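Working notes, structure below.
Nothing in this text is a laboratory measurement; each read-out follows from the coordinates by a stated rule. Note that the coordinates shown come from a computational prediction; the quantities given were computed from them, not determined experimentally. Because the Cβ atoms are built from the backbone with ideal geometry, glycine has one as well, and the counts that use them run over all protein chains shown.
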Amino acid sequence: MRFQAAFAMALLITAGSSDARAWGCEGHRAVVFIAERLLPPATLVKARAALLAAPIDPALSRFCDPVPDDPLVDSATWADDYRAVDASTFDWHFIDLPRGLGTLTASNTRQFCPHGDCAVDAIVAQFQALTRPTSTAAVKGSALRYLLHFIGDLHQPLHATTNGDRGGNCVPIIYYDRAPQQNPNGDYSPNLHAVWDSNTIRTLMTKRGLADARALARHIADLRPLPAAVAARPPTQAVVTQWAQGAHDLGRMLVYPRLPTPIAIEPASAAMLRSCTDNRNVAQRMLAKHEVVDDRYEQASIPAIVGQLRLAGIRLAATLNAAFPN
């Protein structure tokens, strides 16, 4: 009975969230915990020093509870909080690659990353800001916090895939037995994006008895051991484009095809939307499909989610080794 009650409470807590917060508090922090396991002590010292030299504004409203004893983990979700202060950073969290897109090239990356406002270009730009000798402590602190977050973001399949539906935000979902409810902004909760962002992670943690992000990271490492060491690898445009391709492939080959009611591929011209009423009122069209996410769908999703969190942690470690060489 206690497990059933806890599981029901987890559904109530997570199913109503439609914020585009990839991986949620636990997932983003698990990525950093995984990276910390792979970093040499000297790199950890330098990275933490860069954050402590330009601490988070205590007046900033925090969605996730602070982690005062670990500045790297505490900073993992800062970029989500800060975009409420600077809305110009909103598009840096994702790249709207159409579901029907196959191979990602330099040309179509530019098409779907106008003015450099997407996760791919943001990661490259923030690494350059972090490693530029003339950058101030404040610039380096912010750049590191962006990297801690955006590398996680880009590994969430629906932060690199859209089907004319704002990365699944406009696909209402019946989550187990919880029906979607319309929000004041016109979208619905639960929705497909939120399921991949955090709902499935919270359900996994409840079922496995994982108390926090550290336990989630340990569980991921137990499922598939981490490498003994990670070589430094700067996140160049080519490297980060490869990361986006991998996440996008999961989006188009797993996220949508596994839904119980088939969803046709929407036109690529509808890739970049600002509202769920766009693209011929896509949210209402998807609502009529009565899509259900239950244990069967989530069991097919969990290996991909766990694999992407693991991969994000490894790649974050490689990035930090490149940023703080020994």
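Principal axis extents of the Cα atoms in the stretch 54-170, from largest to smallest and rounded to whole angstrom, are 44, 34, 22. Tell me the angle of helix 41-52 to the major Cα principal axis of the chain, expressed in degrees between 0 and 90 and rounded to the nearest ten. So the helix axis and the longest Cα principal axis differ by about 80 degrees. As a proxy for reagent exposure, ranking MET286, MET253, MET272, MET205 by other Cβ atoms within 10 Å from fewest up yields MET253, MET272, MET205, MET286. The mean sequence distance of close C-alpha pairs (under 8 Å, at least 6 residues apart), as a share of the length of the stretch 2-323, puts its relative contact order at 30 percent.
Over all directions, what mean area does the Cα convex hull of the stretch 101-223 project, stated in square nanometres? It would help to have the intermediate numbers written out before the result.
On the way: hull surface 45.2 nm².
Its average projected convex-hull area is 11.3 nm².
At the listed q of 0.24 Å⁻¹, the Debye profile of the stretch 151-197, built from one uniform point per Cα, gives log10 I(q)/I(0) equal to -0.83. Taking square-rooted eigenvalues a ≥ b ≥ c of the alpha carbon gyration tensor, is the stretch 182-293 rounded, prolate or oblate, where a/c under 1.5 means rounded and, failing that, a/b exceeding b/c means prolate? Judged from the Cα gyration tensor, the stretch 182-293 comes out oblate (a/c at least 1.5, b/c at or above a/b). Ratio of Rg to Rh for the chain: 0.95 [Cα atoms; Kirkwood radius as inverse mean 1/r over pairs]. Computed from Cα atoms, the angle from the helix 137-154 axis to the main principal axis of the chain rounds to 40 degrees. Relative to the dominant Cα principal axis of the chain, helix 278-287 is inclined by about 70°.
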